[in-house]
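Notes to accompany the following structure.
The values are calculated or read from the model by the stated rules, or taken from the named source; none is laboratory data. Since the model is a prediction, treat every value here as computed from it, not as a measurement. In this analysis, Cβ positions are derived from the backbone assuming ideal geometry, glycine residues included, and neighbour counts consider all displayed protein chains. Ligands, DNA and RNA are stripped out before the accessible areas are found, and what is left, the full protein with its side chains, is counted by its heavy atoms. Shrake-Rupley method; radii C 1.70, N 1.55, O 1.52, S 1.80 Å.
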Amino acid sequence: MALKYCQGPDCHTYTTQDRLKGTKPNKTYQTRRRSYLHFGEFCDNRCYNDWFSKYGTMAVDHFGRLTEVKHLTEQNAWVKDYDWRSPYGSDDRNYHYVNKITKEQRPLTESQYNDSTYTLNTGE
Ligand SMILES: [Zn+2]
């Protein structure tokens, strides 16, 4: 798997041994490269927090700032859930939708459960 650069703006300023790269006398502390990164972008939570501190407000402004209160109603209160169909033995899951307002339950297939676009919610 290809290595990706941590997007933390200050990653190279943290003087850990694993960031010290190159050959003497040209060793420098460098941005970490990883095959796995937190949220696909950051080597650790510090770098994630650094990024958000620097760019979070710009990102919210770019993607859309919430300007009014949101309401949880019967129309948008459906959440996917599962429980174990049998308490012992098989890993047979019983998938269902639960409405957090009305407590109504409706059955759900495994593929519907795993389909992130499938929803009973009709509003935000
Ligand atoms: Zn980093």
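Just a few scattered comments:
- The one condition from (1) farther than 30 Å from Ala2 by Cβ; (2) open to solvent by 50 Å² or more (accessible area, probe 1.4 Å); (3) not acidic (Asp, Glu) that Asn45 does not meet is (1).
- Counted residues, region 6-20 - those being open to solvent by 40 Å² or more (accessible area, probe 1.4 Å) and in contact with a Ser or Thr (Cβ under 7 Å, 6 or more places away or on another chain): 1
- Candidates in region 1-34 are the residues that are away from the ligand (no atom under 14 Å from the Cβ) and in a loop (DSSP other than H, G, I, E, B); of these, the one that is nearest to Tyr55 (Cα to Cα) is Ala2.
- Just one of the numbered conditions (1) open to solvent by 60 Å² or more (accessible area, probe 1.4 Å); (2) in contact with a strand residue (DSSP E or B) (Cβ under 6 Å, 6 or more places away or on another chain) is not true of Phe39: (2).
- The set of residues in region 35-50 being within 8 Å of the ligand (Cβ to nearest atom) and in a strand (DSSP E or B) consists of Phe42 alone.
- Among (1) among the small types (Gly, Ala, Ser); (2) more than 16 Å from the ligand (Cβ to nearest atom); (3) open to solvent by 100 Å² or more (accessible area, probe 1.4 Å) - the single one Ser53 does not satisfy: (2)
- Filtering region 61-72 for residues that are within 24 Å of Tyr14 (Cβ to Cβ), modelled with pLDDT of 95 or more and assigned to a helix (DSSP H, G or I) leaves an empty set.
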